[in-house]
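The values are calculated or read from the model by the stated rules, or taken from the named source; none is laboratory data. Remember, predicted model here, so these are calculated numbers, not experimental data. Cβ atoms come from the backbone with ideal geometry, glycine included; neighbour counts cover every protein chain shown. With ligands, DNA and RNA removed, areas are computed over all heavy atoms of the protein, side chains included. Shrake-Rupley method; radii C 1.70, N 1.55, O 1.52, S 1.80 Å.
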Amino acid sequence: MEAVVNFLENLVKYTAEIGIRLTELAGIMILMITAVKGVIGYFRKDPHERLKLAQGIALALEFKLGGEVLRTVLARDWNELGILGAVIALRGLLTLLLHWEIKNEESHLDLLQRQ
């Protein structure tokens, strides 16, 4: 019975670690692609580039936030859990601020298009 419990514990641990790495990698890749597109859009003078950049950053942050939530599965003591909670809170706040900025930018672009 103990062998089964150890196997399941290791399965959860390694699955969570793989999930963490994959979600963080997805966040990094999205951020890099968004940055390259942002530079290209800047030189092309795309009026919607600021909005696209903010949306890409928000999506990347959400993937990174998902990785942090998965990391809570592996937290072993209250100190680790506290640090993870602080990181999750900061990333969540950044995501909220970016979504607020996106909403304002969309409103601004709508006003410009109506004129």
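Tabulated values for the structure
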| item | result |
| --- | --- |
| Solvent exposure of the chain as accessible area per residue, Å², 1.4 Å probe | 74 |
| Pairwise Lys count, the chain - Cα closer than 27 Å, eight or more residues apart or different chains | 9 |
| With every protein chain in place, the chain: carbon and sulfur % of accessible area (1.4 Å) | 69 |
| Percent RCO, i.e. relative contact order, over the chain, from Cα pairs under 8 Å lying at least 6 residues apart | 30 |
| Using a Förster distance of 35 Å, the FRET efficiency for Met29-Ala86 (Cβ separation, nearest 0.05) | 0.85 |
| Theoretical gain in end-to-end length, Trp78 to Phe43 [0.36 nm per residue, Cα-Cα removed] | 7.8 nm |
| Computed E for Thr15/Lys103 - FRET, C-beta separation, R0 35 angstrom, nearest 0.05 | 0.45 |
| Size of electric dipole in the chain: Cβ of Lys, Arg +1 and of Asp, Glu -1, about Cα centre, debye, nearest 20 | 460 |
| C-alpha long axis of helix 49-71 to longest principal axis of the chain, angle in ° | 10 |
| In degrees, nearest ten, helix 2-43 long axis to first principal axis of the chain (Cα) | 10 |
